[in-house]
Amino acid sequence: MDMGIKGRKAIVCAASKGLGKGCAMALAREGVDLVINARTKAELEVTAEEIRKATGVKVTAIAVDVTTDAGRNAVLAACPEPDIIINNAGGPPPGDFRDWKRDDWIKAIDANMLTPIEFIKASVDGMMKRGFGRIVNIGDVAGLRPWPHRAPHSVSKAGLIMLTRIHRAWLVAAVTF
């Protein structure tokens, strides 16, 4: 299927495995050049090479923690004008509500809500100016129907879903989708 995105540029977060890798491969098969990110350099490089060999597109692998300003800046420096952003992050380990510390909550909210917001803020104006943009916030059912044993993950995904719903009408009006 031709999605009409050949030649576009995309950032895919948490792309060394799982959903992120699947999204990166699907975009590459459509002819999209990629900047992929994950924290583990060895796994990320293996994925980047696999995508290059399978599709022939340009793949830049940036092994950083995108929950930090430095990490996000490195990804955005490699792709300063993304046409597509795939915001993706894994969740914290399961546990009991009483055992999670403040830092556990902050890490989940930072990875699953605040980091995607920062990527959106950094790129949406350019997308509007160019008249094209796609922002995909990867979530799961936990953001809609909470999982008690993964409360920090559920709460942070619910926050991102709410932000997406709040701004969807504005973004659709501002960017030709």
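Averaged per residue, the chain has 54 square angstrom of accessible surface, using a 1.4 angstrom probe with ligands and nucleic acids left out. How tilted is helix 41-55 with respect to the longest principal axis of the chain? Cα atoms for both, answer in degrees (0 to 90, nearest 10). Tilt relative to the chain: about 40 degrees. Each Cα pair of the chain feeds into the Kirkwood radius, which the Stokes-Einstein equation turns, at 4 °C and 1.567 mPa s, into a diffusion coefficient of 78 µm²/s.
Among Asn88, Asn73, Asn37, the residue with the largest mean-square fluctuation in a Gaussian network model of the chain, with springs joining Cα atoms closer than 10 Å, is Asn73.
Amide H contacts for Thr60 (H built 1.01 Å from N in the peptide plane; partners 5 or more residues away or on another chain; cut-off under 5 Å): Leu34, Val35, Ile36. When both region 1-66 and region 73-123 are represented by their alpha-carbon centers, they are found 18 Å apart. Spin-label pair Phe97-Arg39: with each label point 7 Å from Cα along the Cα-Cβ axis, the two points sit 2.6 nm from one another.
Against the main long axis of the alpha-carbon atoms of the chain, helix 18-29 sits at an angle near 10°. Net length available on complete extension from Asp2 to Leu19 is 4.0 nm, with 0.36 nm assigned per residue and the Cα-Cα distance removed. Of all the options Ala70, Ala122, Ala14, the one that moves most in a Gaussian network model of the chain with Cα springs shorter than 10 angstrom is Ala70.
The simple spin-label model puts a point 7 Å past each Cα toward its Cβ; for Ile106 and Phe132 those points are separated by 4.1 nm. Shape annotation for region 1-81: C-alpha extents along the principal axes are 36, 25, 18 Å, from largest to smallest.
Taking a ≥ b ≥ c as the square roots of the eigenvalues of the Cα gyration tensor, region 32-135 is classed as oblate, since a/c reaches at least 1.5 and a/b does not exceed b/c.
Taken about its Cα centre, region 1-116 carries a charge dipole of about 160 debye when Lys and Arg each add +1 at the Cβ and Asp and Glu each add -1 at the Cβ. For the set Lys6/Lys129; Lys129/Lys157; Lys58/Lys157; Lys6/Lys157, the pairs lying more than 21 angstrom apart at their alpha carbons are Lys129/Lys157; Lys58/Lys157; Lys6/Lys157.
In the chain, what percent of the accessible surface is made up of carbon and sulfur (1.4 Å probe, ligands and nucleic acids excluded)?
Carbon-and-sulfur percentage of accessible area, whole number: 58.
When only the Cβ of Lys, Arg, Asp and Glu is charged (+1, +1, -1, -1), the dipole of region 1-64 relative to its Cα centre reaches about 80 debye. Axis angle, to the nearest 10 degrees, between helix 151-174 and the longest C-alpha principal axis of the chain: 40 degrees.
The values are calculated or read from the model by the stated rules, or taken from the named source; none is laboratory data. It should be emphasised that the depicted structure is a prediction, and the values quoted were computed from it without experimental measurement. Because the Cβ atoms are built from the backbone with ideal geometry, glycine has one as well, and the counts that use them run over all protein chains shown. Keep in mind that these areas ignore ligands, DNA and RNA; they rest on the heavy atoms of the full protein, side chains included. Shrake-Rupley method; radii C 1.70, N 1.55, O 1.52, S 1.80 Å.
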